[in-house]
Each structure stands twice: as C-alpha cells, then as structure tokens.
Amino acid sequence: MQARLFVLLLLLAGCQTLTTPQIQDWPQRRAALQALAQYQFSGRLAVASGGEGFSAGLQWQQQLQRSEVRLQAPLGFSAAQIDFDGSRLRITGSDGAVLEGEPAQRGLGEALGFTPPLSSLRYWLVGSSDPADATAVEVLDDQQRLQRLTQSGWLIEYGEYQRVAGEWMPRRLTLNREAVRVRLVINRWQLS
C-alpha cells in the first residue's frame, strides 16, 4: 500500500514539473523580442482620436526594418497599404494612389487623426520597448512580460498574451497618448 502511494506521489510530482512553465528573466526576454527579424500577425484595430474613430482589419508583416501594414475596412474592402523601412514611408490607397515621403506622413496623420510612432511600433507590438529610446518605463507581470510600457509619450497596456512557437506574444494591447486611443486584438501570430 505504501509503495503504491509513493509511486502515485512521484507521478503527481512529475506531472507538476511538466506543466510548470519556465519563466525567462526580463532582460533576456526583452533582448530576444527586440531581435525578432521576421514576424507577421493579423487582427483588428480600433482607433479613437479627438471624438472621431474607425475600426479596420489589420495584417502586419515585419522583415528586418521593413514593416508592411494592410488595413481592411469592414466587409473586406481594402483601405490602405503602408510600407515603412525605418526611414521611408509609402502609402497606397484603395484607389491605387501612392504617397511617399513627407506627403505620405502628412496624409497618414490626417487620415488617422494622429501621427503614429512607426519606428517604435514594431517593438511595442511584440511586447518590448524600443531599444532606440532609453527613457522607457516598464512594468512587468509575474511571468516577466510587459504589463505596461511608457515610452515616447505613449502608454501601452498589455491586456492579454497568447503562446506562439514557445514564446508569449501579445493578444490584446491598448496604446494611449493624449486624446488618442488605439486598441488592437491580435488573432494569429506567425514567428519566422
């Protein structure tokens, strides 16, 4: 009887160690997230700015410094494609019109109601601070993931994470700055 009880306790202890996730320390995790060279995701975006707002489907592809963003209006109609390589911005509208450089930045700001922090977004979206700005204030949860980030005048709150290829990736996040509020729900991640 005691031998059976001992074996049962060993089995339960073994199950416990298998289900306990390993928590990676934040500096190591942050460096890995900042080094992600390729990823993509799809989700929904809702923007409120100065009493106006819109929602859209969102597809994001990141390859090194290049971000390619597709916004889709309701019913699947394409609204815009945004290409940003870290220094050059190009916007293609649903009518095929193309804006580049300063006219593209001005047009994007007018269309959205605010100037998006394109250089930092690629980091914030994966749950990390932008390494180019040392003023980040990071608040972590008990799993060593960002819960709240303040950087470049923006407050980013991470509401939920999902497990993707062994890594915790944001599922819900909200970006706030003055009268601007951007909510994002990410349905599907792909890490390369």
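The values are calculated or read from the model by the stated rules, or taken from the named source; none is laboratory data. The structure presented is a predicted model; accordingly, all values stated were derived computationally and were not measured. As a convention, Cβ positions derive from the backbone with ideal geometry for all residues, glycine included, and neighbour counts pool all protein chains shown.
With respect to being of a type in the set (Gly, Ala, Ser) and in contact with a strand residue (DSSP E or B) (Cβ under 8 Å, 6 or more places away or on another chain), Ser152 falls outside the description. Pairing residues of region 26-45 that are within 16 Å of Gln65 (Cα to Cα) with residues that are assigned to a helix (DSSP H, G or I) and of a type in the set (Phe, Trp, Tyr), at Cβ distances under 8 Å and at least 6 apart in sequence or on separate chains, gives Leu33/Tyr123; Gln34/Tyr123. So which pairs qualify, if the first residue must be in region 61-84 and aromatic (Phe, Trp, Tyr), the second must be modelled with pLDDT of 80 or more and crowded, with 18+ Cβ neighbours inside 10 Å, the Cβ gap must be under 6 Å, and the two must be at least 6 apart or on different chains? Note: pairs meeting the criteria are Phe84/Ser67.
Just give me the residues in region 97-129 being farther than 18 Å from Gly50 by Cα and under 14 Å from the mean Cα position of the chain (by Cα), in sequence order. Result: Leu118, Ser119, Ser120, Leu121, Arg122, Tyr123, Trp124, Leu125, Val126, Gly127, Ser128, Ser129. For region 147-168, residues that are more than 19 Å from Ala136 (Cα to Cα) and surrounded by 14 or more Cβ atoms within 10 Å (Cβ to Cβ) total 5. Being farther than 30 Å from Ile23 by Cα and acidic (Asp, Glu) is a property that does not hold for Glu138. Consider region 41-68 and keep the residues that are modelled with pLDDT of 95 or more and out of contact with any Gly (no Cβ under 9 Å at 6 or more places or on another chain). The one that is nearest to Ile186 (Cα to Cα) is Phe41. Taking the conditions (1) touching an Asp or Glu at 6+ places or on another chain (Cβ under 9 Å); (2) within 27 Å of Asp83 (Cβ to Cβ) in turn, Arg148 satisfies each one other than (2). Just to be sure before I move on: is Ile186 β-branched (Val, Ile, Thr), in contact with a helix residue (DSSP H, G or I) (Cβ under 6 Å, 6 or more places away or on another chain), surrounded by 12 or more Cβ atoms within 10 Å (Cβ to Cβ) and in a strand (DSSP E or B) in the structure I sent? No; evaluated as a whole, the condition is false for this residue. Restricting region 107-130 to residues that are among the aliphatic types (A, V, I, L, M) and touching a residue at least 40 places away in the same chain (Cβ under 8 Å) leaves a set whose member that is surrounded by the most Cβ atoms within 10 Å (Cβ to Cβ) is Leu125. Highlighted here are the strands (runs of 3 or more DSSP E) found entirely within region 74-177 that include at least 3 residues which are under 20 Å from Arg44 (Cα atoms): 78-84, 89-93, 154-164, 167-177.
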